[in-house]
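Written below as structure tokens is the structure these notes are about.
The values are calculated or read from the model by the stated rules, or taken from the named source; none is laboratory data. From a predicted model like this one, the values you see are computed outputs, not experimental measurements. Protein only, heavy atoms only, side chains kept; ligands, DNA and RNA dropped before computing areas. Shrake-Rupley method; radii C 1.70, N 1.55, O 1.52, S 1.80 Å.
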Amino acid sequence: MPLTLHPDVSLAETEDGAVLLHQRTGRYWQLNPTGVLVLRNLLDGRTPDQAAQELTERHRAAPEAARRDVARLVGALRAADLLAEPK
């Protein structure tokens, strides 16, 4: 199941990446361009492994490091209640 943003979260891309705003809490998070690339891949229905593969191809990242970074980002987004959890 593809990841989706929590219904109360809006995404605004900037020239430096993107900002996620949780409208219910008023808290916001900033993503750098690499974080936006990963998030866009995941929101478009790609798996974490596919998002890591794109990181590897675009930024010449080591595959294991890319998988770890994607997992870390997803974990942080979940911990911050920015993702809608599957039902």
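Annotations
- Nearest 10 degrees, 0 to 90: helix 48-59 Cα axis against the chain principal axis: 60
- Accessible-area composition of segment 12-87, carbon plus sulfur, in percent [1.4 Å probe]: 48
- Part-to-part distance (alpha-carbon centres) for segment 14-57 and segment 64-87, which is given in Å: 10
- Residue-span extension gain [His59 to Thr25] - 0.36 nm each, minus C-alpha spacing: 8.8 nm
- Residue-averaged 222 nm ellipticity for the chain, from DSSP H runs of 4+ at -39500 (n - 2.57), nearest 500: -14500 deg cm²/dmol
- 0 to 90° range, to nearest 10: angle between helix 63-79 axis and the chain longest Cα axis: 10
- Take the chain with all the other protein chains still there, run a 1.4 Å probe, and you get 65 Å² of accessible area per residue.
- Rounded to the nearest 10 degrees, the inclination of helix 33-43 to the longest alpha-carbon principal axis of the chain is 80 degrees.
- Among (1) 7.3; (2) 5.5; (3) 5.1, the entry derived from the coordinates for mean projected area of the Cα convex hull in nm²: (2)
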